[in-house]
Amino acid sequence: MTIPDEKFYRAQITKRVDFAPDLWMFRIRSGGEFHFVPGQYATLGVEAGGKRVERPYSIASSTAEDEVEFFFELVPEGALTPLLHKMQPGDQLLMRKVPKGRFSLDTQNGRTNHLLISTVTGVAPFVSYVRTLYKDWKEGRFDGTHKLFLLNGASRPWEFGYLEELNWFDKELPWFKYVPTVSRPWDHADWPGEIGRADDILRKYADHWELDASNTMAYLCGHPEMIEHSKAILKRRGFTDKGAVKEEVYWVPAK
């Protein structure tokens with residue numbers, strides 16, 4: 001099957017890091033210009049059995065990096081992740097030349113707090129936000145008036161692919177707070193952090209950080225159940241304006 005080159009790059013995997021048997025990261029060299037806004041996704045594809053299989057994946061890298069980074073979770077019955085899971089640095093995959101999505105940081109509506117709520121791989125667009133703003137802050141293009149508050153839920157500690165990096169940012173940056181939370185703590189007595197699902201601790205931290213609908217935008221990314229629960233909690237807290245809550249649902253649950 002021939003692929004029309006005008007829509008795709010034949011991108012090359014340059015690095016792979018495995019966080020767990022079913023969670024890993026790729027860095028990819030697109031092989032051409034690829035301009036995105038933090039929060040957008042790229043469509044990746046593999047040719048298999050005479051067909052092209054494509055799926056969208058949120059970008060974790062900053063806009064300044066020369067490679068594009070992705071955080072994957074293996075879906076055993078999935079169309080694409082089992083194929084990606086077998087790939088190694090040096091392998092090629094297809095990448096559409098144009099990124100898509102509107103899950104970008106909204107800094108124009110007067111609210112200066114940004115509450116970011118994610119599960120597992122749903123942290124990827126938020127990593128892109130923080131990496132990009134960090135570089136802008138270091139170089140004097142961002143003054144820190146916008147503040148980011150990230151709740152990151154996972155079942156087990158090893159599912160936090162960016163734990164060390166985000167903890168470092170939390171210590172270094174006056175405008176960034178990071179709280180990872182584990183929902184299965186009974187298997188991990190040595191876990192020192194918060195426990196419960198991301199939506200379980202949402203009220204506690206929104207109160208602690210004094211985030212309300214008058215001063216805060218909310219961004220939800222990852223598991224559809226977390227998104228539904230969080231939207232309901234935020235609605236009860238007054239987040240009722242159109243546009244006060246942005247969401248990126250990673251799959252649609254089966255009926």
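Per-residue Karplus couplings for the stretch 55-66, computed as 6.51 cos²θ - 1.76 cosθ + 1.60 with θ equal to phi - 60°, are listed in order as 8, x, 9, 4, 8, 9, 6, 7, 5, 8, 6, 8 Hz, Gly and Pro entered as x.
List the GluC sites (Glu not before Pro) within the stretch 23-119 that DSSP assigns to loop and that have no more than 14 neighbouring Cβ atoms inside 10 Å. The partial results should precede the final answer.
Numbers: sites: 33, 47, 54, 65, 67, 69, 73, 77; in loops: 33, 65, 67, 77.
Passing both the DSSP loop test and the Cβ count: 33, 77.
Restricting the count to DSSP beta bridges whose residues both fall in the stretch 113-249, what percent are antiparallel, rounded to a multiple of 5? Approximately 0 percent, going by the DSSP bridge assignments. Rounded to the nearest 5, the antiparallel percentage of DSSP beta bridges internal to the chain is 50%.
Sequence-ordered 3J(HN,Hα) estimates for the stretch 140-152 from the Karplus curve with 6.51, -1.76 and 1.60 and θ = phi - 60° stand at x, 9, 9, 9, x, 5, 8, 10, 10, 10, 10, 9, 10 Hz, glycine and proline given as x. Take every pair of alpha-carbon atoms less than 8 Å apart whose residues are at least six positions apart; their mean separation over the length of the chain yields a relative contact order of 18 percent. How many angstrom separate the Cα center of the stretch 205-234 from the Cα center of the stretch 6-54? Taking the Cα centre of each part, the stretch 205-234 and the stretch 6-54 sit 30 Å apart. Which residues in the stretch 23-48 place their backbone N less than 13 Å from a point set 7 Å from the Cα of residue 67 along the Cα-to-Cβ direction? What the label zone holds, given the 13 Å backbone N cut-off, is 25-31.
Are there any trypsin sites (Lys or Arg not before Pro) in the stretch 152-254 that are in a DSSP loop and have at most 15 other Cβ atoms within 10 Å? List them by number.
Working: sites: 171, 177, 197, 203, 204, 231, 235, 236, 237, 242, 246; in loops: 197, 237, 242.
In loop regions of the stretch 152-254 (DSSP not H, G, I, E or B), the sparsely surrounded trypsin sites (Lys or Arg not before Pro) are 242.
Straight-line reach from residue 100: which aspartates and glutamates fall under 19 Å, measuring Cα to Cα and dropping same-chain residues less than 8 apart? Counting by Cα, and skipping residues close in sequence, residue 100 has these aspartates and glutamates nearby: 5, 6, 33, 54, 65, 66, 67, 69, 247, 248.
Hand me the trypsin sites (Lys or Arg not before Pro) from the stretch 79-115 located in a DSSP loop with no more than 12 other Cβ atoms within 10 Å, in residue order please. Let's see the in-between values first.
Numbers: sites: 86, 96, 97, 100, 102, 111; in loops: 86, 97, 102, 111.
Sites meeting the loop and neighbour criteria: 86, 102.
Measuring r between the beta carbons of residue 48 and residue 5 and using R0 = 25 Å, the FRET efficiency lands at 0.85.
Under DSSP H, which helices of the chain have Cα atoms covering 15 Å or more of the helix axis and a Kyte-Doolittle average no less than 1.0? Intermediate results must be reported in sequence, preceding the final value.
On the way: long enough: 124-138 (21 Å, -0.37); 224-236 (18 Å, -0.65).
Qualifying helices, which must be both long enough and hydrophobic enough, do not occur.
Values in this text are rule-based calculations from the coordinates and carry no lab data. Here the structure is a predicted model, which is why all the values come from computation and not from measurement. When we count neighbours, we look across all protein chains shown, and the Cβ atoms used for this are built from the backbone with ideal geometry, even at glycine.
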